[in-house]
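A quick write-up on the structure given underneath.
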Amino acid sequence: MYGDLIMRSINFMRNAGLAFTILVTSGLAFNAANAGPQKESRCAKTLIAATKTARYQNKEGFERPTKDIVNTLQDNEVTRFATLLDGLTQAFDLDKTLKNRGPYTLFAVCDHGFKRMQDDDLMSLFANKKKLRQVLEYHIVEGNYDSEALKKNKKFKTIEGHEITINESGGNLYADKVLIQTVDVPCTNGIIHILDGVVMPPLSQ
């Protein structure tokens, strides 16, 4: 009898637990009993529900002074960039470049976007600092280009040397076929567009 109950429970979880599985694999599951801070709940909602490009807007009650690119990645109400920040630090202090006057346009991969990579590929990338820097430099463009400029110019030379291509489809913007979730996050030394995945320069594919 108990065996049947266990099997029914397992089958129920397999068939009805899709939403929960998405949360777990995204690293965003939290203890419902504690409810957690509102910021974490908004993050989970943003990363799961964001299937189209949205323009950044200051949320009422969360207006903050504009900061440089690195400090914006560290402290914002949109999503989390812990993996990207770690990579920028390891890639021969590339984070210091993004604290300079600039201006720079950063295609910033959120933590959820890095989780789309295979674990072995991600570990291999971070183990090779030269390649890590090359890949991250491919996400950086000199100049301040908002979403309207992205739509107009389409191709932008990155500080890595190759061009990143912007495409528009169904009202959404894509950087080399990777969805740009949020555009036009303002910074004192440029602008951030948030990606839902990692884009690779030609020599690193």
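For residue 127, state whether it is free of Cβ contacts under 8 Å to residues at least 12 places away in the same chain and within 18 Å of residue 89 (Cβ to Cβ).
yes
Considering only residues that are among the aliphatic types (A, V, I, L, M), modelled with pLDDT of 95 or more and not in a helix (DSSP H, G or I), which ones fall in the stretch 80-116?
Residues satisfying the conditions are 98, 106, 108, 109.
Assess whether residue 199 counts as being assigned to a strand (DSSP E or B) and at pLDDT 95 or above.
no
Okay, residues lined up against (1) in contact with a strand residue (DSSP E or B) (Cβ under 8 Å, 6 or more places away or on another chain); (2) at pLDDT 95 or above; (3) among the aromatic types (Phe, Trp, Tyr); (4) under 24 Å from residue 57 (Cβ atoms):
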residue	(1), (2), (3), (4)
136	no, yes, no, no
155	yes, yes, no, no
178	yes, yes, no, yes
188	no, yes, no, yes
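Given the conditions (1) surrounded by fewer than 18 Cβ atoms within 10 Å (Cβ to Cβ); (2) within 15 Å of residue 188 (Cβ to Cβ); (3) touching an Asp or Glu at 6+ places or on another chain (Cβ under 9 Å); (4) modelled with pLDDT of 90 or more, which single one is not true for residue 55?
(2) is the only condition that residue 55 fails.
Against the conditions (1) without any contact (Cβ under 8 Å) to a residue 60 or more places away in the chain; (2) surrounded by fewer than 13 Cβ atoms within 10 Å (Cβ to Cβ); (3) outside any helix (DSSP H, G or I), where does residue 120 fall short? Just the number, please.
(3)
Can you name the residue in the stretch 77-90 that is surrounded by fewer than 22 Cβ atoms within 10 Å (Cβ to Cβ) and not β-branched (Val, Ile, Thr) and is also farthest from the chain's Cα centre (by Cα) among such residues?
90
Considering only residues that are buried (at least 19 other Cβ atoms within 10 Å of the Cβ) and in contact with a Ser or Thr (Cβ under 7 Å, 6 or more places away or on another chain), which ones fall in the stretch 157-172?
164
Write out, first by first residue and then by second, each pair whose Cβ atoms fall under 6 Å of each other, whose residues are 6+ apart or on separate chains, and whose first residue, in the stretch 58-69, is under 21 Å from residue 100 (Cβ atoms) and at pLDDT 75 or above while the second is of a type in the set (Gly, Ala, Ser) and surrounded by 10 or more Cβ atoms within 10 Å (Cβ to Cβ).
69/190
Of all residues being surrounded by fewer than 19 Cβ atoms within 10 Å (Cβ to Cβ) and not hydroxyl-bearing (Ser, Thr, Tyr) in the stretch 190-205, which is nearest to residue 138 (Cα to Cα)? Just the residue, please.
It comes out as 200.
Has the stretch 137-149 got any residue that is surrounded by fewer than 13 Cβ atoms within 10 Å (Cβ to Cβ) and either among the aromatic types (Phe, Trp, Tyr) or in a loop (DSSP other than H, G, I, E, B) (or both)?
Checked against the condition, which is being surrounded by fewer than 13 Cβ atoms within 10 Å (Cβ to Cβ) and either among the aromatic types (Phe, Trp, Tyr) or in a loop (DSSP other than H, G, I, E, B) (or both), the stretch 137-149 yields no hits at all.
The values are calculated or read from the model by the stated rules, or taken from the named source; none is laboratory data. Nothing here was measured: the structure is a model prediction, and the numbers come from that model. A quick note on method: Cβ atoms are made from the backbone with ideal geometry, for glycine too, and the neighbour counts reach across all protein chains shown.
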